[in-house]
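Structure record follows, encoded as structure tokens.
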Amino acid sequence: MANPSVLFVCLGNICRSPLAEAALRRAAAAAGRAIDVDSAGTGDWHVGHPPDSRAQAEARRHGVDIAGLRGRQVEPVDFERFDLILAADDRNLEHLHAMRPTGATARLALMLDMVPGRAGEGVIDPYYGGPEGFAATWADVTAVADAVLAHDGLLHDGWTPPRTG
Ligand code: 4NP
């Protein structure tokens, strides 16, 4: 069977979703688990760009090098390719629901829907703030990564994420 697969989505694909990708890659490696992980943006401003330098610095502080990532936009085939697509906030989730192809198999939820007690919360966009916002993002996305690993066996076989409407 193919590895479970997760796509993280934010607006620009240069701050929150690359950090979420980094956090899950790191947590999966530490746990010895094989999960396919990627990230994408709903917007097109940063297609081809590396992650924001502040996001790179935050990841580096936690031992993860994300300098090689490049921004890309969500595309229809993502809804077939990934088991689970996790959006940073409601705006991104609405965008995903609107572009979801008929019959698509991916389940959609907010990133923080995965974390017990935090369903419905958005990961706050750190783009317009200072470096402390990126530390808060890292804390959120590591909680998401741990929760995804806890749900790993449920990514197949009829599991539906909380709050999926
Ligand atoms: P992200 O942050 O969605 O977490 O990558 C943003 C990055 C860029 C922009 C907005 C949010 N922007 O407007 O360019």
Right, Pro76: over 22 Å from Asn3 (Cα atoms) and either in contact with a Gly (Cβ under 8 Å, 6 or more places away or on another chain) or part of a loop (DSSP other than H, G, I, E, B) (or both) or not?
no
Taking the range 88-115 and the residues there that are among the aliphatic types (A, V, I, L, M) and not in a helix (DSSP H, G or I), the one that is farthest from the chain's Cα centre (by Cα) would be Ala104
Restricted to the range 128-158, and to residues that are in a loop (DSSP other than H, G, I, E, B) and within 16 Å of the ligand (Cβ to nearest atom), which residue is modelled with the highest pLDDT?
Tyr128
Restricting to the range 6-21, count the residues that are within 17 Å of Met114 (Cβ to Cβ) and either modelled with pLDDT under 95 or within 13 Å of the ligand (Cβ to nearest atom) (or both).
8
Any residue in the range 92-103 that is free of Cβ contacts under 8 Å to residues at least 40 places away in the same chain, aliphatic (A, V, I, L, M), within 16 Å of the ligand (Cβ to nearest atom) and closer than 21 Å to Arg54 by Cβ?
no
I'm trying to understand the selection: among the residues of the range 110-132, which are of a type in the set (Ser, Thr, Tyr) and in contact with an Asp or Glu (Cβ under 9 Å, 6 or more places away or on another chain)?
Tyr127
Would you confirm whether or not the range 45-53 contains a residue that is β-branched (Val, Ile, Thr) and away from the ligand (no atom under 13 Å from the Cβ)?
no
Between a first residue in the range 1-28 that is within 20 Å of Asn92 (Cβ to Cβ) and a second residue that is among the basic types (Lys, Arg) and within 16 Å of the ligand (Cβ to nearest atom), which pairs have beta carbons less than 7 Å apart while being 6 or more apart in sequence or on different chains?
Cys10/Arg16; Asn13/Arg72
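The values are calculated or read from the model by the stated rules, or taken from the named source; none is laboratory data. Bear in mind the structure is a predicted one, so any value in this text is a computation, not a measurement. Here the Cβ is made from the backbone with ideal geometry for all residues, glycine too, and neighbour counts use every protein chain on show.
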